[in-house]
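J.: First the structure, then my questions, so here it is.
Each reported figure results from applying straightforward, stated rules to the coordinates on display, with no laboratory input. Remember, it's a predicted structure, so these values are computed and weren't measured experimentally. For neighbour counting, all protein chains shown are included, and Cβ atoms are generated from backbone atoms with ideal geometry for every residue, glycine included.
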Amino acid sequence: MSTVYTYKEIAEHNSPKDTWIIIDDKVYDVSKFLDEHPGGDEIIFDQAGRDATEYFVDIGHSDDALKLLKSKCIGTVDKTSEKVVFEAKVEETTESSQGSGQLAVIVAILCFLVGYYFLNDE
Ligand code: HEM
């Protein structure tokens with residue numbers, strides 16, 4: 001019988017040297033494969049500790065890729081375990097809203113300087 005892992009256990013394996021992903025409720029240790037991946041390491045690493053089924057299927061990987069994938073299987077997901085809520089998307093939103101906030105301040109300063117220049121010119 002294969003090992004069963006909770007979503008939380010899987011989510012902890014999310015570093016470049018220790019990368020697990022879920023595809024079709026099976027758990028894969030792809031740590032040693034990241035550097036060899038023809039699609040690049042980042043694209044897989046982005047899904048580290050998560051369910052990458054949609055991403056993996058959408059690319060339309062070949063039968064060879066599927067065989068390779070099988071060789072990396074280390075167990076299955078305990079589907080009754082509590083799912084993990086990942087924060088990455090929240091961070092991205094915060095960063096981008098911070099970015100636009102900073103831009104607004106820069107634009108305001110520039111408007112002030114241009115206005116000041118013209119007012120003093122007259
Ligand atoms: C997050 C999951 C994954 C994504 C988003 C992804 C994405 C991609 C992309 C975009 C390519 C095309 C590269 C190109 O033609 O320039 C590719 C190719 C490939 N990937 Fe992945 N990949 C994923 C996971 C995996 C895994 C886990 C394996 C195997 C262990 C794998 C094996 C391969 C192989 C062998 C190819 C060469 C083309 C083929 O045989 O289909 N990939 N992948």
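J.: I'm checking my understanding of the structure. Among residues of the stretch 45-70 that are outside any helix (DSSP H, G or I) and more than 6 Å from the ligand (Cβ to nearest atom), which one is nearest to D25 (Cα to Cα)?
T.: Step by step, filter the stretch 45-70, then rank; the result is D51.
J.: Starting from the stretch 8-19, keep only residues that are of a type in the set (F, W, Y), then list their pairs with residues that are outside any helix (DSSP H, G or I) whose Cβ atoms are within a distance under 8 Å, requiring at least 6 positions of separation or different chains.
T.: Qualifying pairs under 8 Å: none.
J.: Conditions: (1) in contact (Cβ under 8 Å) with a residue 12 or more places away in the chain; (2) farther than 17 Å from G75 by Cβ. E42 meets all but one. Number of the miss?
T.: For E42, the exception is condition (1).
J.: Oh, and also: Only one of T80, T76 is surrounded by fewer than 13 Cβ atoms within 10 Å (Cβ to Cβ) and within 18 Å of Y5 (Cβ to Cβ); which?
T.: Going through T80, T76 in turn, just one is surrounded by fewer than 13 Cβ atoms within 10 Å (Cβ to Cβ) and within 18 Å of Y5 (Cβ to Cβ): T80.
J.: Which one is farthest from the ligand (Cβ to nearest atom) among residues in the stretch 24-44 that are part of a loop (DSSP other than H, G, I, E, B) and surrounded by 15 or more Cβ atoms within 10 Å (Cβ to Cβ)?
T.: That would be S31.
J.: Suppose the filter is β-branched (V, I, T), touching a strand residue (DSSP E or B) at 6+ places or on another chain (Cβ under 7 Å) and near the ligand (Cβ under 7 Å from one of its atoms); does I21 pass it? Lay out the reasoning, then the answer.
T.: Working: β-branched (V, I, T): yes; touching a strand residue (DSSP E or B) at 6+ places or on another chain (Cβ under 7 Å): yes; near the ligand (Cβ under 7 Å from one of its atoms): yes.
In short, yes.
J.: Pairs under 6 Å by beta carbon, first residue among the hydroxyl-bearing types (S, T, Y) in the stretch 71-85, partner assigned to a strand (DSSP E or B), six or more apart or different chains?
T.: Hits for this filter: T76/V4; T76/K26.
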